[in-house]
Each structure stands twice: as C-alpha cells, then as structure tokens.
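The values are calculated or read from the model by the stated rules, or taken from the named source; none is laboratory data. Given the structure is predicted, the values throughout are model-derived calculations rather than measurements. Cβ placement follows ideal geometry from the backbone for every residue including glycine, while neighbour counts extend to all protein chains displayed. All accessible areas refer to the heavy atoms of the entire protein, side chains included, with ligands and DNA or RNA removed. Shrake-Rupley method; radii C 1.70, N 1.55, O 1.52, S 1.80 Å.
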Amino acid sequence: MRAPGLALRSLLPFLLGLPALLALQGSLSDFWASVLITAGVNVILAVSLNVVNGFTGQFSIGHAGFMAVGAYTAAKITLAAAGWAPAGLPPRLADGAVFLLALLAGMVTAALAGLLVGMPSLRLRGDYLAIVTLGFNEIIRVIIENTAFLGRATGLSGLPRRTTFAWAWMGVIATVVMARRLLGSTHGRALLAIREDEVAAEAMGVDTTGYKVKAFVVSSAFAGLAGGLLVHLIQLCTPRTFTFVKSIEVVVMVVLGGLGSVTGSAVAAFGLTLALEGLREVQEYRMVAYSLLLIVLMLTRPTGLFGTREAWDWLPRLPWRRRPEEGA
Amino acid sequence: MTEFLQHLVNGLSVGTIYALIALGYTMVYGVLKLINFAHGDVYMVGAFSGYYIAHALGAGDRPTLPKALAVFVGSMVVCGALGAAIERFAYRPLRARPRLTALITAIGVSFLLEYGFQLPSFGLTTQPFPPGPTPRFFPQPFARVSWSLGGVELSNYDVVSFAVAFGFMLLLQLVVYRTRFGRAMRAVSFDAQVAGLMGINVNRVIAGTFVLGSVLASVAALLVAGSRPTINPLMGLMPGLKAFVAAVFGGIGNVPGAMVGGLVLGLAEEYVAGYLLSSYRDAIAFAILIVVLLVRPEGLFGRVRAEKV
C-alpha cells in the first residue's frame, strides 16, 4: 500500500494545484500577475538553492550561472520553434508543448553544467564550492558575451511571452514537492548526515561526494527551470540578468528564511520579492542592504527566520498524520 | 621570440600582483581556515584610498617622490586598519561557530564593500565619496618611460612594480620565518588551541595576520593602479578570484606556494591569452582551478592533512 500512497502524495499537489492556479489566473491584474510570477521564480530559486546550501551544508553562490544556462537553452528552443505549427494541433497547445520541452531541456543543460562544476569542487570542503561557483557565474557571463550564437552582450530578444501565473506556480509546486520528497528519502537523510558531520557520515558508509554532487545537480536543474521561466516573462535574455547580484539575492533569501527549511526559504523569497517591488525607488541601496542583512543575520541569528523547521511543524498534529522521525 | 619575451614580461608583472594578493588569502587561511572573501575588496579599497590621498596631496598635478611615498604608506595604513576592523567586528565574534557562518559573513563583507563604494556620494568632500560605479583615473605617481629592448616593450613602471613586489615578498619571508611574530603565526596556523596554551596571544596573531595580508593587498592595488590607471569599486573581484586560484594552486596555507602560484598563474594567463584564446582570458584561471582540484587538490606545496573527528 505504500507505493500508491507515495505516488499520490507526489501527484496530488499538481492535480489540485493546476485548476486552482488557472482559476486564480483569471482574476489577476497584469501588474499582480507579473509580480507573482517573479515571486514564484524566486521561490523556485530559493528552494532549489536550499537543497545544496541548507540540506547538504555546502555553500554555492553561483545559482544565477545555472539559471543562465537553463534560460539560454529554453530561449533558443522557443525562438527556433517560433513559426512552427503542426497540423491538427491547436496553436495554444503546440506553444505549450514547445515551452514545456524548452523548460525541460533547460533543466537538463543546467544539470549538466552543475555536474561539470560540482564534480571537481565537491570532493573538497564547502568553501571551495563557494569560490568555484562564484567563478563559474563570471565565466558563464564571459562565454555568453563572446558567443555570437547566444547574441553576445545584447542577448536574445523577441522571445514569446509564455510564462503565465499558472506556469510559474506549477514550477513552484514541482520544486517544493521535489524538496519535500527528497528530504523524506534515503538521499535526503544522507544529505542531512553530511551537513551535520561529514566525517561521521562517511564513516557510516555514506558516499559523501556522490550525494553532494547529486544534490548539486538537482539544485542546478531547478535553477535552470527558474531561468527558463524568467526569460519568458521579461521576453529578453541577456547576460546582465544573470550576474552574481542575482546569485547573492537568492543566497540572502535562503539565509533569511533559514538554511534547511523549505517553507522558510519560500516565505523569505516571496516576502523579499514583494518588499523589493515596493522599494523600487531605492534600488541602488539594495545590494548594500542585502550584504548588511547577511552580516547582521550571521552575527545575531544565524538560523534565519525558520531555522531548519518547517511551517507544518507548528500545525496541530492531526490524527491521521504520522509523526515524522525525530531529528528530521 | 620577441613575442615570447613580451609575454614573459607581461606575465611576470601580472603574476607578481596575483602573488601579492594570494599571500593574503593563504596567510588568513593558514591561521583561521577561512577563505577571506573580502580580500579582493580590501585590494580595491587600497586603490581608492591611494586615489583620495593622492588628490588630497595634489600628487596628480605635480608628482614628486615624497608624495608618491606618502600615498603608498597612507594607503597601506588605511588597508591595514580595514583588515583589522573586518577581523575584529565580522569574523572574531563567529570564531567558535560553524565554519559556514563565517563564510557567509565573509561574503557579506565583500559585497558590502563592493556596493557600499557604488552608492551615490554624500557630496561633503571635493572628491566625491563613495566614488559611485563610474571608473576613476588614478593619478600618475611619476612620468612613464618606455624602453624597447630588441622589440620587447618595457617601462619603468614594470621595473618599479617588479622590484617593489619582490621586495615585499622577501620582507614577508623574513617576517614569517625570522621574527617572533612569524613564529607565533606559524604556531597558530599549526594548532591554534595549543598555541594559546603555550602563551601566544591568538587574537593578536590573527589580527596581525589580517593586517599583514591587507597591507600586501594595498601594495598590489597601488602597483596596478599606477600602470593601469582606471579604478572602480568592482576591480577587486576578478583579481581576488584569480589570486585565490593562485593560492590553491600553490597549496592554500603555504606562503612560498602562493608566490609561485601567482607567478605561474600570471604567466599561464598571458601565454594562453596571447597565443590561443584572447577573449577567454578570465576563464583560464577557472580552468586551472578545476584541473588542480581534480588532480592535486592539496596544491603544489600543500600537505594532505587527515581530517580529525
């Protein structure tokens, strides 16, 4: 009976979420739709970065680099398929299929980039990853700016606007379900063990490097998804969108929400996006505020808002909910 | 052959700069086991404090040797103080906490410096501070004289910068291996707790290490700003990253390793960019880092230390 239950728990959010999102989509004004899509993209970024920085206890600060890989892949595919209309298929469905394919392709290429970056740097301790990902972020930018195929510094423009509220938040659901399912699995337990004590985990037979690389690849894939969604909202794909300012923004969200808490990073990402929307006039102080926030948080409350707890830990325990094992 | 020699000259002059910055990374890593992310930005502050001091002295209009020296020493003092302040207020309170906490703080300090310097200026001083994101021109400390030796371009800036950089590296060797402070530093780097039990003031040694590293970074910044005069608040990012690669290449925590690593990295960058892929210059260091991490993660002179539980 376990397998169908698990499958149901993984699929149910999508089945319930899609009609709800589509219903909500109709009642949103253009402004709120675009704000909420941005918020959704940031939630995807924060939750996926949390898999590496929170669950595994490594520290990546180049999430925007993987975003760029996914975004350019997806953008190239939707641009190539722009005039494509198969007979017998309604155009909206064909567009949707192409977009889904583009997003998935973006996830695959971002995951490959993650493998390339993670393999050498994750064999060592966490701080190497930080500097390698920061470097990777810059290198991706240099490569894009030197490649005519990717439009050099001006980037790719004229992308179709495909990201709707429902698309973005289905991505959020996928990311959150991934993170939840991962945390409850053997893989997730291995990641937590690595975070708590790498030497002990290795002594208990956990393949530390293998699990770290897997976590990093999964996280990069979802960064690629976020990139694909973002460029089909702003209809423009330039290297300037994916500088390390973006990476640090995501790091701040994760740290503020609490390293290791899915709901924490989601809430922080959502809240920060809305706050930034309200503070558009003081854009130039944004990075200074972020860095001060990081330092002050580390000095006074390094656990962030939620620590490693989840929102549902505070819910009253329902009779049919099994108590999760202690120490999760 | 002339091209080869020209690349050699350029590579050495870039390499000595990387080496000077890498020394700061490697010494701090030695005593704290922390990658001081803000080190590249201390380098940037070095260039800017030189810029402000030079303008305050009017060194840009009538450059003289005493003025150049004043700029040099002043900027070193500013950077040393900055390094000590960063250690005291950002890293010391976190020393007993998990390493990740200190790493995040270091990233925060780095971005605070980079973007704090890009804020709109207050307008109280004649030279606007903070400088804002537009690049500024560093005043020339002395007139440039170029020689052509068999087709190889060489300027007095190259010679001075090479001599100064090597002088400081020799001085550092003396400090680390011939003084009481250096011995204390090596003891702390070997085992901070035991060093403390032996009567070494660990806090003071760590603060001293930060000051030393930051002073070297400011020297590097002034040497660069003298010959390539545009400076901006993000100028520390790439040299910082590359110097870190140099430190890892030489074996992080190892002082001679950082010097060799810096020189090798400078030469490798110059030759690869010169002969093969000029537009991917910034990617070369990254490729080297990946190869080092795959083949010999402890670096050229590094020793493998077993992790203790």
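Out of A:LEU115, A:LEU129, A:LEU134, A:LEU192, one residue alone is of a type outside the set (Gly, Ala, Ser) and more than 21 Å from A:ALA226 (Cβ to Cβ). It is A:LEU192. Report whether or not A:ALA174 is away from chain B (no Cβ under 14 Å), open to solvent by less than 10 Å² (accessible area, probe 1.4 Å) and part of a helix (DSSP H, G or I). No; evaluated as a whole, the condition is false for this residue. Checked against (1) surrounded by fewer than 16 Cβ atoms within 10 Å (Cβ to Cβ); (2) modelled with pLDDT under 90; (3) not polar (S, T, N, Q), A:VAL296 passes all but condition (2).
Within the range B:130-159, the set of residues being touching a residue at least 12 places away in the same chain (Cβ under 8 Å) and outside any loop (DSSP other than H, G, I, E, B) comprises B:ARG136, B:PHE137, B:VAL152, B:GLU153, B:LEU154, B:SER155, B:ASN156, B:TYR157, B:ASP158.
The sole residue among A:LEU233, A:LEU229 that is under 13 Å from the mean Cα position of the chain (by Cα), more than 14 Å from chain B (Cβ to nearest Cβ) and either in contact (Cβ under 8 Å) with a residue 40 or more places away in the chain or open to solvent by 50 Å² or more (accessible area, probe 1.4 Å) (or both) is A:LEU229. One residue is enough: does the range A:91-109 have a residue meeting the conditions part of a loop (DSSP other than H, G, I, E, B) and either among the basic types (Lys, Arg) or within 14 Å of another protein chain (Cβ to nearest Cβ) (or both)? No, the range A:91-109 has no match at all.
Any residue at all in the range B:54-72 that is on the phi > 0 side of the Ramachandran plot and either more than 14 Å from every other protein chain (Cβ to nearest Cβ) or at pLDDT 90 or above (or both)? Lay out the reasoning, then the answer.
Quick first cut of the range B:54-72, residues on the phi > 0 side of the Ramachandran plot only: B:58.
When the remaining residues are screened for being either more than 14 Å from every other protein chain (Cβ to nearest Cβ) or at pLDDT 90 or above (or both), the result is B:58.
Yes, the range B:54-72 has at least one match.
A:ARG161 fulfils the conditions (1) open to solvent by 30 Å² or more (accessible area, probe 1.4 Å); (2) away from every other protein chain (no Cβ under 14 Å); (3) modelled with pLDDT of 90 or more except for a single criterion, (3). Out of all the residues in the range A:212-226, is one or more out of contact with any strand residue (DSSP E or B) (no Cβ under 7 Å at 6 or more places or on another chain), of a type in the set (A, V, I, L, M) and within 14 Å of chain B (Cβ to nearest Cβ)? Scanning the range A:212-226, I find at least one residue that is out of contact with any strand residue (DSSP E or B) (no Cβ under 7 Å at 6 or more places or on another chain), of a type in the set (A, V, I, L, M) and within 14 Å of chain B (Cβ to nearest Cβ), so the answer is yes.
Scanning the range A:299-328 for residues that are modelled with pLDDT under 55, surrounded by 10 or more Cβ atoms within 10 Å (Cβ to Cβ) and of a type in the set (Gly, Ala, Ser) turns up just one, A:ALA328.
Looking at A:PHE31, A:PHE59 in this structure, which one is within 26 Å of A:GLY258 (Cα to Cα) and among the aromatic types (Phe, Trp, Tyr)? Give the steps one after another, and end with the answer.
Working: A:PHE31 fails: within 26 Å of A:GLY258 (Cα to Cα).
Going through A:PHE31, A:PHE59 in turn, just one is within 26 Å of A:GLY258 (Cα to Cα) and among the aromatic types (Phe, Trp, Tyr): A:PHE59.
Just one of the numbered conditions (1) crowded, with 24+ Cβ neighbours inside 10 Å; (2) touching a helix residue (DSSP H, G or I) at 6+ places or on another chain (Cβ under 6 Å); (3) within 10 Å of chain B (Cβ to nearest Cβ) is not true of A:MET287; which one? Exception for A:MET287: condition (1).
The set of residues in the range B:64-97 that are free of Cβ contacts under 8 Å to residues at least 40 places away in the same chain, open to solvent by 40 Å² or more (accessible area, probe 1.4 Å) and within 15 Å of A:MET298 (Cβ to Cβ) comprises B:PHE89, B:PRO93, B:ALA96, B:ARG97.
Here B:ALA221, B:ALA243, B:ALA247 are screened, and the one residue that is buried (at least 24 other Cβ atoms within 10 Å of the Cβ), more than 14 Å from chain A (Cβ to nearest Cβ), touching a Phe, Trp or Tyr at 6+ places or on another chain (Cβ under 9 Å) and assigned to a helix (DSSP H, G or I) is B:ALA221.
Of the residues A:LEU115, A:LEU129, A:LEU122, which single one is more than 8 Å from chain B (Cβ to nearest Cβ), open to solvent by 10 Å² or more (accessible area, probe 1.4 Å) and either in contact with a Cys (Cβ under 7 Å, 6 or more places away or on another chain) or at negative phi (or both)? I'd like the intermediate steps shown before the answer.
On the way: A:LEU129 fails: open to solvent by 10 Å² or more (accessible area, probe 1.4 Å); A:LEU122 fails: open to solvent by 10 Å² or more (accessible area, probe 1.4 Å).
Being more than 8 Å from chain B (Cβ to nearest Cβ), open to solvent by 10 Å² or more (accessible area, probe 1.4 Å) and either in contact with a Cys (Cβ under 7 Å, 6 or more places away or on another chain) or at negative phi (or both) holds for just one of A:LEU115, A:LEU129, A:LEU122, which is A:LEU115.
All conditions in (1) open to solvent by 10 Å² or more (accessible area, probe 1.4 Å); (2) within 13 Å of another protein chain (Cβ to nearest Cβ); (3) within 20 Å of the chain's Cα centre (by Cα) hold for A:ALA148, with the sole exception of (3).
With respect to A:TYR211, determine if the residue is touching a residue at least 60 places away in the same chain (Cβ under 8 Å) and either of a type in the set (Ser, Thr, Tyr) or assigned to a loop (DSSP other than H, G, I, E, B) (or both).
Numbers: touching a residue at least 60 places away in the same chain (Cβ under 8 Å): yes; either of a type in the set (Ser, Thr, Tyr) or assigned to a loop (DSSP other than H, G, I, E, B) (or both): yes.
Taking the combined requirement at face value, the residue satisfies it.
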